[in-house]
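Remarks on the structure that follows.
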């Protein structure tokens with residue numbers, strides 16, 4: 001098997017773990033093609049692997065959901081919903097690559113795919129055996145409280161980046177960070193969340209949430225950009241789940257990446273609050289604002 005798979009991804013269910021390992025192996029084959037000099041000429045190989053991934057993912061999800069039913073897993077319905085949404089996303093990329101095959105589109109797909117799979121395995125699948133809910137049933141009266149809660153649980157609890165202290169300040173035209181993730185979340189309301197990450201934390205999160213190393217922030221390719229966008233989507237889904245009932249309204253994400261410099265020009269967000277979280281590896285800045 002390849003190098004994307006790591007032993008820490010084990011769920012404790014041998015059959016599921018072997019299926020995950022095969023998925024990671026096939027994805028790594030796609031990644032090697034995309035980053036090779038002849039990536040643009042291997043459309044047939046790419047589409048064959050992609051068809052296998054779609055069929056095998058369907059089989060894998062059925063297997064995984066069967067284990068959950070047998071164990072009366074408490075987050076079964078939410079897990080099935082996550083599976084269904086992911087399948088829709090992969091099918092959309094398959095259609096895109098069928099009519100417009102480019103290395104750029106392939107890399108965008110792979111960045112999303114790797115970040116989604118690593119996080120789904122670590123944040124969702126590993127909870128099945130112990131019957132831990134995917135998300136804690138928490139409700140907050142405001143987004144700032146929700147962001148603080150999610151930041152502490154994900155950064156400190158899941159990714160081993162302890163938060164030493166925090167403060168809030170008013171947005172004055174810029175969010176600090178070497179990698180800046182801008183995420184628009186659309187549900188019954190629309191929301192803008194901006195994450196400013198120092199370089200060390202960006203590299204740590206990329207490694208934790210994709211299994212790969214980020215060599216140079218100033219020369220990120222589409223795989224890395226797409227993975228960071230998916231990271232923003234994942235964190236934002238946890239934040240907004242505590243503020244808005246997306247189980248009823250559905251949720252859509254739109255993201256983009258900025259390096260070191262960012263200024264919001266599309267939406268009026270003056271007087272929005274920025275939450276600054278101090279860690280041993282630099283300060284994380286998070287801005288939340290409702291938008292029209």
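Just to be sure I understand the model, the point goes 7 Å from the Cα along the line to the Cβ. What's the resulting residue 278 to residue 54 distance in nm?
5.2 nm
So what is the calculated 222 nm ellipticity per residue for the chain, using -39500 (n - 2.57) for each DSSP H run with n of 4 or more, over all residues, to the nearest 500 deg cm²/dmol?
Only helices count here, giving -16000 deg cm²/dmol.
Could you work out how far helix 14-34 tilts from the main Cα principal axis of the chain, as a 0 to 90 degree angle to the nearest 10?
Around 80 degrees separate the two axes.
P(r) for region 248-292, please, calculated from all Cα pair distances in 10 Å bins and given in %.
All Cα pairs, binned at 10 Å, distribute as 18, 45, 31, 7 percent.
Taking a label point 7 Å from the Cα of residue 25 along the Cα→Cβ vector, which residues of region 65-87 have an amide N closer than 15 Å to it?
It comes to no residues whatsoever.
Using only the Cα atoms of region 127-228, what semi-axes does the equivalent ellipsoid have when each is the square root of 5 times a gyration tensor eigenvalue? Give whole Å, largest first.
23, 21, 15
What are the radius of gyration and Dmax of region 23-84, computed over its Cα atoms and given in Å?
Cα only, region 23-84: 15.7, 48 Å (Rg, Dmax).
In a solvent-free Debye calculation with one equal scatterer on each Cα, what is log10 I(q)/I(0) for region 7-127 at q = 0.13 Å⁻¹, listed in the order of the q values?
For region 7-127, the Cα-only Debye profile gives -0.53.
In whole Å and largest first, what semi-axes does the C-alpha gyration tensor of the chain yield when each eigenvalue is scaled by 5 and square-rooted?
Output for the chain: semi-axes of 30, 24, 18 Å.
Across 5 Å bins from the origin, how do the percents of Cα pairs in region 53-196 run, short distances first?
Distribution as computed: 2, 7, 12, 17, 18, 16, 14, 9, 4, 1, 0 percent.
On full extension of the chain, what length is gained from residue 104 through residue 261, given 0.36 nm per residue of separation minus the C-alpha to C-alpha distance?
Working: separation 157, 0.36 × 157 = 56.52 nm, distance 2.34 nm.
Computed gain between residue 104 and residue 261 is 54.2 nm.
What's the center-to-center distance, using Cα atoms, between region 116-136 and region 198-240 in Å?
Their Cα centres are 19 Å away from one another.
Mind pulling the angle between the C-alpha long axis of helix 199-210 and the longest principal axis of the chain? Nearest 10 degrees, somewhere in 0 to 90.
30 degrees
Most fluctuating residue of 78, 230, 144 in a GNM of the chain with Cα springs under 10 Å: which is it?
Of 78, 230, 144, the Gaussian network model singles out 78 as fluctuating most.
Return, for the Cα atoms of region 143-291, the radius of gyration and Dmax in Å, separated by a comma.
Using the Cα atoms of region 143-291, the pair Rg, Dmax is 14.3, 41 Å.
Relative to the present Cα-Cα distance, how much length would full extension add between residue 47 and residue 160 at 0.36 nm per residue of separation?
Here the segment from residue 47 to residue 160 would lengthen by 36.9 nm.
Treating the angle as unsigned and between 0 and 90°, give the value, to the nearest 10°, between the Cα long axis of helix 222-241 and the longest Cα principal axis of the chain.
60 degrees
Return a whole-number percent for the relative contact order of the chain, with Cα pairs under 8 Å and 6 or more residues apart as the contact set.
Numbers: 428 pairs, mean separation 66.4, N = 292.
Over the chain, the number comes to 23 percent.
Under 8 Å for C-alpha pairs, at least 6 residues apart: give me the relative contact order for region 143-291, rounded to a whole percent.
Once divided by the residue count of region 143-291, the mean separation gives 42 percent.
Rounded, prolate or oblate, given the Cα gyration tensor of region 59-128, with a/c below 1.5 counting as rounded?
Numbers: a/c = 3.49, a/b = 2.24, b/c = 1.56.
Cα axes put region 59-128 in the prolate bin.
Here, each number is a calculation from the coordinates, and none is a lab measurement. These numbers were taken from a predicted model, which means no experiment stands behind them. Glycine gets a Cβ as well: all are built from the backbone with ideal geometry, and neighbour counts include every protein chain shown.
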